[in-house]
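Okay, structure first, notes after.
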Amino acid sequence: MKVNGKEYRSLWFEDGKLLMIDQRKLPFEFSIFEARSVDDVAFAIKDMVVRGAPAIGCAAAYGIVLAEKNEIEVAFTKLANTRPTAHDLFHALEYMRRKIEEGEDPLDAAEKYVEQIIDKCRKIGEYGETLIQDGARILTHCNAGALATVDYGTALSPMRVAKRRGKKIFVYVDETRPRLQGSLTSWELKNEEIEHVVIPDNAAGYFMERGEVDMILVGADRIAMNGDFANKIGTYEKAVLAKENDIPFYVAAPLSTFDRNLGRGEDIVIEERGEDEIRRIRDTEIFPEWVKVKNPAFDVTPARYVTAFITEKGIIKPDEITEKLF
Ligand code: MRU
């Protein structure tokens, strides 16, 4: 991804350390967080220094590289216990376990995993771009960009390709309370010179009903084999509104986000995050301590609202998800 004209990945391994763009500080401050141990990586995932399903998986893969030889099992457990919903985390850890058992050097294995994820996201961009009309007005929720995937992004990858191919696009970016991942999306779009506006989450229906949204493009954290999927809280209501307003609703995700052991979305574990994320915006208190709050981080959208999934193997309808894909 471009940052002030320079190419960056959201995370990379250098001199025995995992370096990550600190997503907690964007868009106001561009700084790099250094993880030197498994505990540092587990902290970075939990605290959302690094976030987004594929990026969490890649960080965890490097986390295993940082583990002392005699503490590998502890490392697997620590990293698996950071965040429960994104399937990529568990997919990456299983991959690392398999490669280490096969005798592969952990750093080589992690680097290969990351390169594969980047390549999948690049392909998602190629396939997804074909769905974007010149002049399209696209709505997206959360951040499914390069920050969330190491490079290119999932939902943002087709937009990057469309822009590069000279298509004129306009993006509505949901603010995405409470963690404001919309500010990360707008930061990425600004760097790519893609025209956009940030809207409050509850304004999405207003723009859809006025006929100002042509398509919706989001990422996913975990996709069940029947096509139900979990994504950032608020995705479900966008999908229902899209159907009501006859707007195509696309979900861009690599196959690492599909959970082959999960038949339906009802069984997805939804992460509940801390109350402070609701009570404060950045450092400003907006609800006093005595107010009771709830903070589910994800919701599940039933497959019937999904027009299609955009994967590295092509564009597939929910009823086309089969074992043959993997
Ligand atoms: O809580 P987050 O910011 O990790 O949630 C991220 C999302 O919900 C993204 O939409 C999803 O991981 C897809 S990222 C390519």
Would you give the gap between the C-alpha center of region 229-267 and the C-alpha center of region 15-29, rounded to a whole Å? 28
Is the C-alpha gyration tensor of region 81-129 telling us rounded, prolate or oblate? Criteria: a/c under 1.5 is rounded; beyond that, a/b larger than b/c is prolate, otherwise oblate. oblate
Could you work out the relative contact order of region 176-326? I mean the mean sequence separation of Cα pairs under 8 Å and 6+ apart, divided by the number of residues, in percent. 26
In what order do ARG179, ARG122 fall by count of nearby beta-carbon atoms within 10 Å, going from fewest to most? ARG122, ARG179
Computed Kirkwood radius, in angstrom, where 1/r is averaged over Cα pairs of region 2-119: 14.2
Theoretical FRET efficiency, 1/(1+(r/R0)^6), r = Cβ-Cβ of GLU73 and ASP47, R0 35 Å, to 0.05: 0.90
Where nothing but the Cβ of Lys and Arg (+1) and of Asp and Glu (-1) is charged, how large is the charge dipole of region 170-326 around its Cα centre, in debye to the nearest 20? 240
Defining a contact as two alpha carbons under 8 Å apart and six or more residues distant in sequence, what relative contact order in percent does region 2-119 show? 21
Rounded to the nearest 0.05, FRET efficiency between GLU94 and LYS317 (Cβ-Cβ, R0 41 Å) equals 0.90
Calculated [θ] (222 nm, deg cm²/dmol) that DSSP helices of n ≥ 4 give over the chain, each run adding -39,500 (n - 2.57): -10500 deg cm²/dmol
Could you tally up the Lys pairs in region 2-119 with alpha carbons closer than 21 Å? Skip any pair fewer than 8 positions apart unless they're on separate chains. 15
Of the DSSP beta bridges with both residues in the chain, give the percent that are antiparallel, rounding to the nearest 5. 55
Which ordering of LEU217, LEU131 is given by a fewest-first count of other beta-carbon atoms within 10 Å? LEU131, LEU217
Full-stretch length increase - GLU193, GLU29 - with 0.36 nm per residue and alpha-carbon distance subtracted: 57.1 nm
Among MET1, ILE268, ILE281, whose Cα lies farthest out toward the positive end of the dipole of the chain, if unit charges sit on the beta carbon of Lys, Arg (+1) and Asp, Glu (-1)? MET1
Under 22 Å Cα-Cα from LYS292, which lysines qualify once same-chain neighbours fewer than 8 residues away are excluded? LYS232
Provide PHE30, PHE90 in ascending order of the number of other Cβ atoms located within 10 Å of each residue's Cβ, fewest first. PHE30, PHE90
What's the ranking of 303-314, 17-28 by average number of surrounding C-beta atoms within 10 Å, highest first? 303-314, 17-28
May I ask you to compute the full-extension gain from SER37 to LYS294, defined as 0.36 nm times their residue separation minus their alpha-carbon distance, rounded to one decimal in nm? 89.3 nm
With the alpha-carbon atoms as the only input, what is the per residue convex hull volume for the chain in Å³? 132
Taking 0.36 nm per residue of separation between LYS6 and PHE326 and subtracting their Cα-Cα distance, the length gained on full extension comes to 111.7 nm
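Computed from the coordinates by the stated procedures, all read-outs in this text should not be read as laboratory data. Nothing here was measured: the structure is a model prediction, and the numbers come from that model. Every residue, glycine as well, gets a Cβ built from its backbone with ideal geometry; the counts of neighbours run over all protein chains shown.
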